[in-house]
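J.: Please find one structure pasted underneath; my questions will follow.
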Amino acid sequence: FFIKTVFNTSTIQFIFRVMKYYPAIKFMNWFLFIIAPCILTEHLIANINPVAEVIEIRGEVNLQPAVMDRLPGPAIAGRSIYNGDILHSALGSQLQLQFAAADIRVTATGISELRIDCNHEGCYIKLNYGNLFLESSSNNNDKFSVLTKYGEVILHDNEIWMTRSMTSKDKIYSIKGAVTIIPTMSTKQHIEAGERFSINSDGEISIDKIS
């Protein structure tokens, strides 16, 4: 499903070899007529295939598409989610979605906003605020993670409950398995099942047992 990069080492070496022997061909010409169309094609293809599907909806959940040719509106079960789409859930609502290319299920509850971004490296759930419960297996070949303003949470063979408040504080609970967290302003952290990781806007970190 993921569109791998169109340029391998041999292709790049070929381009620079031609530029070396034909100096009249400027790099900008190569970019405009060869590299740029390939990048554009990769971006367009990434938005043709859905990256996830809505499994269950309770209450009010709205979807804001990333592109103009898809209309915004209520998210319903069975609706496809594409790269760059944004989902909003209201108070008392619940959204459950399943990724198309990985054994990862995401449940958002209450007032939440998240965006799904995918590229040739993997998929990222950008949590602006709200509550997420995430279930992931160890069978995912590509990288999947949750991004917030303060760090990245890796999804790999674990179950995680996490909250991001509008007062700029992240809390990550490991329900099952180990969880790797990469804070923006600190070193990589790890928590085990039964532990909670917290980080605030000052970069202050604490790890506690879940009571």
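The values are calculated or read from the model by the stated rules, or taken from the named source; none is laboratory data. Computed from a predicted model, the values in this text were never measured in an experiment. Neighbour counts run over all protein chains shown; Cβ positions are idealised from the backbone, glycine included. When the accessible area is computed, the model is the full protein with side chains, heavy atoms only, and any ligands, DNA or RNA have been set aside. Shrake-Rupley method; radii C 1.70, N 1.55, O 1.52, S 1.80 Å.
J.: List every residue pair whose Cβ atoms sit under 7 Å apart, with the two residues 6 or more apart in sequence or on different chains, where the first one lies in segment 118-132 and is under 9 Å from THR148 (Cα atoms) and the second, anywhere, is at pLDDT below 90.
T.: That search, which allows pairs on different chains as well, returns TYR129/SER165; TYR129/MET166.
J.: Further question: With respect to ILE191, determine if the residue is touching a residue at least 40 places away in the same chain (Cβ under 8 Å), over 16 Å from the mean Cα position of the chain (by Cα) and surrounded by 15 or more Cβ atoms within 10 Å (Cβ to Cβ).
T.: Criteria not met by ILE191.
J.: In segment 171-188, how many residues are open to solvent by less than 70 Å² (accessible area, probe 1.4 Å), closer than 17 Å to THR148 by Cβ and under 20 Å from the mean Cα position of the chain (by Cα)?
T.: 9
J.: Now for a separate question. Restricting to segment 50-69, count the residues that are surrounded by 15 or more Cβ atoms within 10 Å (Cβ to Cβ) and without any contact (Cβ under 8 Å) to a residue 24 or more places away in the chain.
T.: 2
J.: Here is a further query. Does at least one position in segment 71-87 carry a residue that is open to solvent by 40 Å² or more (accessible area, probe 1.4 Å), in contact with a Leu (Cβ under 8 Å, 6 or more places away or on another chain) and modelled with pLDDT of 95 or more?
T.: yes
J.: Considering every residue within segment 5-12, establish whether at least one is at pLDDT 85 or above, under 22 Å from the mean Cα position of the chain (by Cα) and of a type outside the set (A, V, I, L, M).
T.: No.
J.: Give the residue that is farthest from PRO50 (Cα to Cα), with candidates limited to residues of segment 108-124 that are polar (S, T, N, Q) and open to solvent by 10 Å² or more (accessible area, probe 1.4 Å).
T.: Ranking the qualifying residues of segment 108-124, first place goes to THR109.
J.: Separate question: Conditions first: (1) over 19 Å from TYR129 (Cα atoms); (2) touching a strand residue (DSSP E or B) at 6+ places or on another chain (Cβ under 7 Å); (3) of a type outside the set (A, V, I, L, M, F, W, C). THR187 passes all but one, so which condition is the exception?
T.: Single failed check for THR187: (2).
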